[in-house]
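Peer 1: Got a structure here, written out as structure tokens. Questions coming.
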Amino acid sequence: MIKNTMIDNQVTHKTIRAFKNQNLTKEQVVTLVEVARHTSSSMFMQQFSIIHLTDEKKRMYVRKISGQNYVGANGDLFIFIVDLHRNQSIRRQLGEDDGRLHKTDIFLQGVEDTVLAVQNMVNAAASMGLGAVILGSINNKPKELLNVLELPKMTFPILGLQVGVADQMPQLKPRLPLDAIFFENEYQEINIGDLEEYDKIVQTYYDLRDSNRRIDSFTKQVSSKKLGTKETKRDELLKTLHDQELCLE
């Protein structure tokens with residue numbers, strides 16, 4: 001495998017969940033947002049926006065929604081939003097109707113733009129010696145989040161991102177074997193027996209990380225309640241998208 005500084009940072013990436021009690025400088029924030037702003041964009045529609053959440057009350061609400069005590073605590077919190085409202089407003093001001101903006105296809109293009117921007121900011125943060133954690137947990141209660149952020153129709157928060165000075169040194173989390181995710185020309189079905197060695201590695205990783213909290217192998221996690229049939233507030237996602245006038249067709 002080719003080695004360079006950028007590749008080394010990416011293949012040794014560690015999620016940071018504990019940050020020192022200091023905020024980013026204005027220069028650091030501007031640099032991170034500029035990197036996100038220059039992310040590749042589907043059809044050049046640039047269908048995302050970022051909210052830098054500095055209001056302590058709103059950060060507290062997002063923490064409660066996420067159910068994770070480090071969210072909105074130390075470091076800086078960014079909320080990445082699929083934003084079709086801006087282009088809707090532009091079209092209407094130019095005397096055009098909404099066109100395809102309410103279709104699922106366009107929403108997914110906005111999701112692509114937004115997620116790519118998140119990852120670009122994570123990479124930039126790492127290059128600056130900062131830690132970061134991507135927060136899918138902000139959508140544990142999607143309707144509440146929309147209210148907290150006071151978002152207009154045709155927008156939807158996809159991911160949060162917390163960035164700051166790391167206050168922990170976690171282990172590198174083991175990933176699936178290459179041949180389990182990378183194929184030539186056609187999809188290959190997984191054989192659970194081929195993951196036996198990987199399961200042992202994952203179990204050892206968790207045992208070393210927290211010997212008092214038993215967490216089983218990867219395959220047992222997949223078969224656990226994580227992907228079970230229990231109902232959660234996240235089951236409201238599609239209805240919430242429809243309420244936001246997104247994914248209507």
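For every residue, the table says whether it meets (1) of a type in the set (S, T, N, Q); (2) closer than 30 Å to Thr5 by Cβ.
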residue	(1), (2)
Leu130	no, yes
Ser137	yes, no
Leu149	no, no
Gly160	no, yes
Gly164	no, yes
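Peer 1: Within the bounds of the stretch 36-57, is there any residue that is closer than 15 Å to Leu135 by Cβ, touching a residue at least 24 places away in the same chain (Cβ under 8 Å) and either in a loop (DSSP other than H, G, I, E, B) or among the polar types (S, T, N, Q) (or both)?
Peer 2: No: zero hits.
Peer 1: With the stretch 143-249 as the region, which helices (runs of 4 or more DSSP H) entirely inside it contain at least 2 residues that are more than 26 Å from Thr15 (Cβ to Cβ) and in contact with a Cys (Cβ under 9 Å, 6 or more places away or on another chain)?
Peer 2: 237-243
Peer 1: Now for a different question. Whether any residue in the stretch 192-210 is within 30 Å of Asn87 (Cα to Cα) and touching a residue at least 24 places away in the same chain (Cβ under 8 Å) is what I want to check.
Peer 2: Looking for residues that are within 30 Å of Asn87 (Cα to Cα) and touching a residue at least 24 places away in the same chain (Cβ under 8 Å), one finds none in the stretch 192-210, hence no.
Peer 1: Specify which of the listed residues (Glu144, Glu150) is surrounded by fewer than 19 Cβ atoms within 10 Å (Cβ to Cβ), without any contact (Cβ under 8 Å) to a residue 24 or more places away in the chain, more than 16 Å from the chain's Cα centre (by Cα) and over 25 Å from Phe218 (Cβ atoms).
Peer 2: None of the other options fit; the residue is Glu150.
Peer 1: So Met43 ticks every box in (1) farther than 26 Å from Ser127 by Cα; (2) at pLDDT below 95 but one. Which box is left unticked?
Peer 2: So Met43 meets the others, but not (2).
Peer 1: Among the residues of the stretch 114-131, is any in contact (Cβ under 8 Å) with a residue 24 or more places away in the chain and hydroxyl-bearing (Ser, Thr, Tyr)?
Peer 2: yes
The values are calculated or read from the model by the stated rules, or taken from the named source; none is laboratory data. Fair warning: this is a prediction, and the values are worked out from it, not measured in the lab. Because the Cβ atoms are built from the backbone with ideal geometry, glycine has one as well, and the counts that use them run over all protein chains shown.
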